[in-house]
């Protein structure tokens, strides 16, 4: 499955979860959510054991490689097992978009991550061009969503005008249950 297919499947799952959430029958809705939570818990435990075994066998490079795969990374994030902390992932994402921002006269740096919200400071933003500002915002948001979908949101300092509010990144996380 290619990364585009993974993204499409994640979108499909999100849509199906919305359908389950909208079920009028409380019993059916509760049973569906409980079933999904049990499956996610079981899969999360399996992933945790895989990482534990790999780590015991000196597989730190293997674990790092697994975390770089988009699908596996998403699963590790979903189960709170990702070996790279959110701050490092956000910093790496900002490095990846540095050239794009620099070409537009802008730069971005991580101020902090607090309560799951990444605060980004933009500087050198071009004034008077809403489409450039919107493009910069979309680029940063997309990079952070891909690198750290476990964030609760993004706050950007230094945007010349309003931009759309961030949404919660991983709707599946609520189904993973406590401790995952």
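The values are calculated or read from the model by the stated rules, or taken from the named source; none is laboratory data. Keep in mind that what you see is a predicted model, and the values were worked out from it rather than measured. As a convention, Cβ positions derive from the backbone with ideal geometry for all residues, glycine included, and neighbour counts pool all protein chains shown.
The table below lists the values:
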read-out	value
Selection status of residue 114, surrounded by fewer than 14 Cβ atoms within 10 Å (Cβ to Cβ), assigned by TED's automatic domain parsing to the domain that holds residue 157, at pLDDT 90 or above and within 18 Å of the chain's Cα centre (by Cα)	yes
Residue 68 being surrounded by 15 or more Cβ atoms within 10 Å (Cβ to Cβ) and under 19 Å from residue 10 (Cβ atoms)	no
Hey, residue 99 without any contact (Cβ under 8 Å) to a residue 12 or more places away in the chain and not assigned by TED's automatic domain parsing to the domain that holds residue 152 or not	no
Count - residues of region 77-118 that are out of contact with any helix residue (DSSP H, G or I) (no Cβ under 8 Å at 6 or more places or on another chain), under 18 Å from residue 138 (Cβ atoms) and not in a helix (DSSP H, G or I)	1
Region 73-90 - residue that is without any contact (Cβ under 8 Å) to a residue 40 or more places away in the chain and surrounded by fewer than 17 Cβ atoms within 10 Å (Cβ to Cβ) and, of those, farthest from residue 121 (Cα to Cα)	83
Matching residues, region 118-145, being surrounded by fewer than 17 Cβ atoms within 10 Å (Cβ to Cβ) and under 24 Å from residue 69 (Cα atoms)	138, 142, 145
